[in-house]
Amino acid sequence: MARKGFALFVLSVSLLLVTASSGVIRAADDALPSKSDASCLKCHEYNKMPATLAGKLSDVSVKANAIQLQIDKEMEVVHFNDATVLKNAPSVKEIPKQESIKVTYFKKDGKSIAKEIEVKKGIAVPKEQLATVEEVAELVAKGPEKGKYVLIDSRPTNLYDEGHIPTAVSMPFFAFDKMAGELLKDRDALQIYYCAGFS
Amino acid sequence: MLSPLAARKAEKLGFSKVKVFHAGLPAWKKAGHPVVSNIAGIENYDKNEASYILIDLRSKDLVERGHIPKAVMLPKEGIASLKDQFPKYMGAAVILYNQDGDISSAQSAYKEISDWGYKQVSVLQGGFNAWETAGKQVTKGPADTKIAYVRKLMPGEVDLAVFKEAVAKRPSEVVIMDVRTKSEAEKGTFPGAINIPLDELEQRLADVPKDKNVFIHCSTGARAEMAYNVLKKAGIDSKYLKVNVESDQGKVTIEE
């Protein structure tokens, strides 16, 4: 009972604030659904945050001030405006397609409008653990035996089949536990993991 | 995104020599290094009924003795003479193969096609030998000399021929919806088309005819696709055109 009362109080205050600041009345954002790509949910609980969409940037239209996010197999269209806060990108237009983004939004006149668009930075890898493209190319030229390495493609198998770095082996991230015993036998060999980049 | 997580798992298993090539495949391609594909990749495309360009880099003699089905023979004038036949779509899968999968001998063709802007070029690992050894179907005799690539339509996408026919015939059961801005549409739109700019669509859902087939277009297909998804969400069926449409001085043209 007490909790309910509190929630109601917060709701009415935020409603008042919004009404006062922009003259626009809208429902509490908490009522808006959140949707998140399965890949984001591995590390984040965006599905438990209010009015949050997380997925890959599918397209941007500057002429219509709209972006399209791919969330699993669904597409979500969200508009943006001058008030939209942008994080980790100089402009919406400059966000590369397929980049992972997180959007918080509200509804106005039936439209979803972005409050904030955040370009996700991906998982930080310590500098000493990063392999450069030159380093990988040098090893690939030597071959796994002479170069004493295992180059591991972490993407799903079908993507590996359609195109991968020469000498790489396929071990999809989701099959790691199943395949690691068989593939990673040589403790002295350098293991280099790669996938589709930072997103 | 997956590779750092995999590296962490490896470290947990007690491996100490673990690195992450975080920039990954996009950086590898960007640096001009070749990418290889394998037989399963070709089979995936076939299974999904997706089109691909398969180029046999070997001599005419070897090609006629046996080649991979759907392969196109490299003309003796070289790869550049095939350029005109390549699709506009830069995401088209292009697979090159030679006898044994030797990358260095396929490198010049790989580089040339990549330089044209194609993003999914690969050299078939193991070449024709691997294909034959795996017991896959082999076609004897001369190979095709023409590339027949048809980009698979995305969900909701309308075939260009269907759209053009709808525009030409203006059947009563079809409506063309122009989702460009008002000022763009004023430069010229299809006869009888309705103009609902994408950023007004949600407020004007009532203006979208529900008893007709709705074909949406914009100037490139980007906004049209978004409009399609907005309508889908609202429970309205439509199709969208992913082709360039240009308007100038009252004339509207569809790019082929």
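Descriptive notes on the structure:
- Residue ID - nearest to A:L57 (Cα to Cα), chosen from residues in region A:23-46 that are at pLDDT 55 or above and aliphatic (A, V, I, L, M): A:A38
- The single condition among (1) surrounded by 21 or more Cβ atoms within 10 Å (Cβ to Cβ); (2) among the aliphatic types (A, V, I, L, M); (3) within 23 Å of A:A131 (Cβ to Cβ) that B:I68 does not meet is (3).
- Against the conditions (1) in a helix (DSSP H, G or I); (2) within 8 Å of chain B (Cβ to nearest Cβ); (3) touching a strand residue (DSSP E or B) at 6+ places or on another chain (Cβ under 7 Å), A:Q191 satisfies every one except (1).
- Taking (1) crowded, with 20+ Cβ neighbours inside 10 Å; (2) more than 9 Å from every other protein chain (Cβ to nearest Cβ); (3) more than 14 Å from A:I101 (Cβ to Cβ) in turn, A:A64 satisfies each apart from (2).
- Restricted to region B:220-256, and to residues there that are touching an Asp or Glu at 6+ places or on another chain (Cβ under 7 Å), of a type in the set (S, T, Y) and under 20 Å from A:S61 (Cβ atoms), the residue that is nearest to the other protein chains (Cβ to nearest Cβ) is B:Y240.
- Scanning region B:204-214 for any residue that is touching an Asp or Glu at 6+ places or on another chain (Cβ under 7 Å), at pLDDT below 95 and not acidic (D, E) turns up at least one such residue.
- Condition met for B:I113 (within 28 Å of A:V62 (Cβ to Cβ), hydrophobic (A, V, I, L, M, F, W, C), modelled with pLDDT of 95 or more and not in a loop (DSSP other than H, G, I, E, B)): no
- Residue in region A:79-86 that is more than 19 Å from B:F21 (Cβ to Cβ), assigned to a strand (DSSP E or B), without any contact (Cβ under 8 Å) to a residue 40 or more places away in the chain and within 13 Å of chain B (Cβ to nearest Cβ) present: yes
- Residue among B:Y97, B:Y118 that is surrounded by fewer than 21 Cβ atoms within 10 Å (Cβ to Cβ), hydroxyl-bearing (S, T, Y) and more than 8 Å from every other protein chain (Cβ to nearest Cβ): B:Y118
- Restricting attention to region A:33-43, the residues that are surrounded by 15 or more Cβ atoms within 10 Å (Cβ to Cβ) and free of Cβ contacts under 8 Å to residues at least 24 places away in the same chain total 1.
- Of the helices (runs of 4 or more DSSP H) that lie entirely inside region B:1-78, those containing 2 or more residues that are within 22 Å of the chain's Cα centre (by Cα) and within 14 Å of chain A (Cβ to nearest Cβ) span B:24-30, B:39-47.
- Enumeration of residues in region A:154-179 that are more than 7 Å from every other protein chain (Cβ to nearest Cβ) and of a type in the set (G, A, S): A:A168, A:S170, A:A175
- Where B:V150 falls short, out of the listed (1) closer than 25 Å to B:S51 by Cβ; (2) within 21 Å of the chain's Cα centre (by Cα); (3) at pLDDT 95 or above: (3)
- Residues of region B:79-124 that turn out to be touching a helix residue (DSSP H, G or I) at 6+ places or on another chain (Cβ under 6 Å) and hydroxyl-bearing (S, T, Y), as a count: 1
- For region A:100-111, residues that are touching a residue at least 40 places away in the same chain (Cβ under 8 Å) and either at the interface with chain B (Cβ under 9 Å from one of its Cβ atoms) or not polar (S, T, N, Q) (or both) total 8.
Residue-by-condition table, conditions (1) more than 11 Å from every other protein chain (Cβ to nearest Cβ); (2) over 24 Å from the mean Cα position of the chain (by Cα):
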{"position": "A:A114", "(1), (2)": "yes, no"}
{"position": "A:K121", "(1), (2)": "no, no"}
{"position": "A:A124", "(1), (2)": "no, no"}
{"position": "A:A131", "(1), (2)": "no, no"}
{"position": "A:V140", "(1), (2)": "no, yes"}
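- Restricting region B:1-43 to residues that are at pLDDT below 95 and polar (S, T, N, Q) leaves a set whose member that is farthest from B:E132 (Cα to Cα) is B:S16.
- Of all residue pairs spaced 6 or more apart or on separate chains, those with beta-carbon atoms under 9 Å, a first member in region B:39-51 that is closer than 17 Å to B:V72 by Cα and a second member that is among the hydroxyl-bearing types (S, T, Y) and part of a helix (DSSP H, G or I) are B:S51/B:Y45.
The values are calculated or read from the model by the stated rules, or taken from the named source; none is laboratory data. The model shown is predicted, which means the values in this text are computed figures rather than measured ones. Note: ideal-geometry Cβ built from the backbone for every residue, glycine included; neighbour counts use all protein chains shown.
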